[in-house]
1. Scan the range 174-188 residue by residue and report those that are small (Gly, Ala, Ser) and over 13 Å from Tyr136 (Cα atoms).
2. Which residue pairs have Cβ atoms closer than 6 Å, lie 6 or more positions apart in sequence or on different chains, and pair a first residue in the range 95-107 that is at positive phi with a second residue that is among the aliphatic types (A, V, I, L, M) and surrounded by 24 or more Cβ atoms within 10 Å (Cβ to Cβ)?
3. Against the conditions (1) in contact (Cβ under 8 Å) with a residue 60 or more places away in the chain; (2) exposed (fewer than 12 other Cβ atoms within 10 Å of the Cβ); (3) not in a loop (DSSP other than H, G, I, E, B), where does Gln68 fall short? Just the number, please.
4. Regarding Thr39, is this residue of a type in the set (Val, Ile, Thr), exposed (fewer than 14 other Cβ atoms within 10 Å of the Cβ) and modelled with pLDDT under 95?
5. Scan the range 89-101 for residues that are farther than 20 Å from Tyr136 by Cα and surrounded by 22 or more Cβ atoms within 10 Å (Cβ to Cβ) and report the count.
6. In this structure, is Thr100 in contact with a Ser or Thr (Cβ under 6 Å, 6 or more places away or on another chain) and among the polar types (S, T, N, Q)?
7. Tell me which residues, restricted to the range 168-179, are surrounded by fewer than 19 Cβ atoms within 10 Å (Cβ to Cβ) and within 28 Å of Leu71 (Cβ to Cβ).
8. Would you be able to say whether some residue in the range 49-71 is among the acidic types (Asp, Glu) and more than 17 Å from the chain's Cα centre (by Cα)?
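The values are calculated or read from the model by the stated rules, or taken from the named source; none is laboratory data. None of these values were measured; they are calculated from a predicted model. Every residue, glycine as well, gets a Cβ built from its backbone with ideal geometry; the counts of neighbours run over all protein chains shown.
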Amino acid sequence: MKKSIVTSIVVFIWMAFLISCNTKTKKETPQKSQQTEVTEKAPEMEEETRKNPFFDMRNMAYKTTAEQIGLDAIDKDDVYGIISELDMNGATVTVVTFATGDTSIYLSSGGGFIGAGQHESVREVVKKYVINGQRYVEHATKIENLELPAKGMATFNFMTPNGNYCFSKNINELNSGNSEFSNLFAELNEVISQIRVKSGQ
């Protein structure tokens, strides 16, 4: 029960932050926001993509190998990174975590927290999260591409030398504490909380 309350608070704060970001963006560029909703192929969307590096950053993280972060000696089935993504009212929060303690957060609305793993307290919770993620890989399906989470869903992408694996779960179910994956979600929220604290947000 206590864990569920903690995760609820963190998710609530995070949603409020996303809403404020989206509101600011709409106020600054109302015309572009309306045009980009019409079609994904509109020139305005291409312009927004160039201004917002969200997709490039998450794809770069997805393609990161164990060797590139100095973990070339690990077993082929060991999890060396987890890319966790949350759908928040149409916006996406991407949390990149590696077994080295390195971590970043990218927001589809623009911005984020880059290189938060420089703080020791953050590195510790990130390492714990990735290590514990090993227990959940057996529930995941091997994937080739990184897909955005569906409405109201959280996706967990486990990175191993043998390939990447993913599963998606309903955020409300995870947050209730009744899911077998609620502990993983609670640890993700702890990572987000630590990053926000150390980033002064």
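1. Once the filter is applied, which keeps residues that are small (Gly, Ala, Ser) and over 13 Å from Tyr136 (Cα atoms), the range 174-188 yields Ser176, Gly177, Ala186.
2. Gly101/Val126
3. (1)
4. Yes; evaluated as a whole, the condition is true for this residue.
5. Residues flagged as farther than 20 Å from Tyr136 by Cα and surrounded by 22 or more Cβ atoms within 10 Å (Cβ to Cβ) within the range 89-101 amount to 1.
6. It is false that Thr100 is in contact with a Ser or Thr (Cβ under 6 Å, 6 or more places away or on another chain) and among the polar types (S, T, N, Q).
7. Ser168, the sole residue that qualifies.
8. For the range 49-71, residues among the acidic types (Asp, Glu) and more than 17 Å from the chain's Cα centre (by Cα): present.
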